[in-house]
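Read the figures in this text as sums done on the coordinates, not as results from a lab. The shown structure was predicted, so the numbers you read here are calculated from the model rather than taken from an experiment. Positions of Cβ are generated from backbone atoms using ideal geometry, with glycine treated the same way; all protein chains shown enter the neighbour counts.
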Amino acid sequence: MDAKELEENVRGLYSPDTKAAYASFLRLKAESEAGNAVYRFWDDFAGMIESENSYVRTRGLLLIAANAAWDTEHKMDGVLARYLEHVCDEKPITARQCIQALKSIVSARRDLVPEIREALKNADTGRYNANMRPLIERDIAGVLKMMEG
């Protein structure tokens, strides 16, 4: 993907057309897994996690995690506390996506394990309904187990 396509896809993440926004997200995620070309948009992704829109928040969280491996400037250090707030996001689906994406961050940055572990152990899952709570708790347990290894 060339620079122009990357920029168009980053802009596309905010599209009111959720299908188009999701397609942009998928292209950027695939590009993030292939190399570091998307990393230059880190600050855009960091801004997305503050969005009122849970879809935008989720896309930002997942793209940060997908680019953690390329974080040579240690930008994760500056965004981690805000990222971890979404472990208990108001939207349970966003919380689950955030928690599951922590595996990518842990794989890239083992030095962040203590902060991540603390956030997961202190997560208040009581805010979620009886259908979602066990799923979120299972996600948390999975990441905690992964960090032990």
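Please work out the Cα center distance from segment 45-76 to segment 77-149, rounded to the nearest Å. Rounded to whole Å, the Cα centres lie 14 Å apart. Annotation for segment 1-69: GluC sites (Glu not before Pro) lying in DSSP loop with at most 16 further Cβ atoms inside 10 Å of their Cβ are 50, 52. For a paramagnetic label modelled on residue 74 (point 7 Å from Cα along Cα→Cβ), amide N atoms under 19 Å away belong, within segment 100-127, to 105-117.
Computed from the Cβ-Cβ distance with R0 of 30 Å, the FRET efficiency linking residue 133 to residue 18 stands at 0.70. Placing one identical point scatterer on every Cα of segment 1-56 and ignoring solvent, what is log10 I(q)/I(0) from the Debye formula at q = 0.14, 0.15, 0.26 Å⁻¹? Values, matching the q order: -0.33, -0.38, -1.13. Of 97, 65, 16, which is farthest on the positive side of the dipole of the chain, counting Cα position, with +1 on Lys and Arg Cβ, -1 on Asp and Glu Cβ, and the Cα centre as origin? Working it through, the farthest residue towards the positive pole turns out to be 97.
Normalising the Debye intensity of segment 3-148 to I(0), with uniform scatterers on Cα atoms only, and taking log10 at q = 0.16, 0.21 Å⁻¹ returns -0.82, -1.32. Taking each DSSP H run with n ≥ 4 as -39500 (n - 2.57) and averaging over every residue of the chain yields -21000 deg cm²/dmol at 222 nm.
For residue 71, no residue has an amide H sitting under 5 Å from its own, ignoring neighbours fewer than 5 places away on the same chain, with H placed 1.01 Å from N.
Looking at segment 59-141, the GluC sites (Glu not before Pro) that sit in a DSSP loop and have at most 14 other Cβ atoms within 10 Å of their own Cβ are 73, 90.
Modelled spin labels at residue 103 and residue 40, positioned 7 Å past Cα toward Cβ, are 3.1 nm from each other.
Note the angle between two axes, namely the Cα long axis of helix 75-84 and the longest principal axis of the Cα atoms of the chain, as a number of degrees from 0 to 90, rounded to the nearest 10. In the chain, helix 75-84 runs at an angle near 50 degrees to the longest axis.
Think of each Lys and Arg Cβ as +1 and each Asp and Glu Cβ as -1; about the Cα centre, that makes the dipole of segment 3-148 roughly 460 debye. For the residues 34, 23, 69, a GNM of the chain with alpha-carbon springs under 10 Å puts the largest fluctuation on 34.
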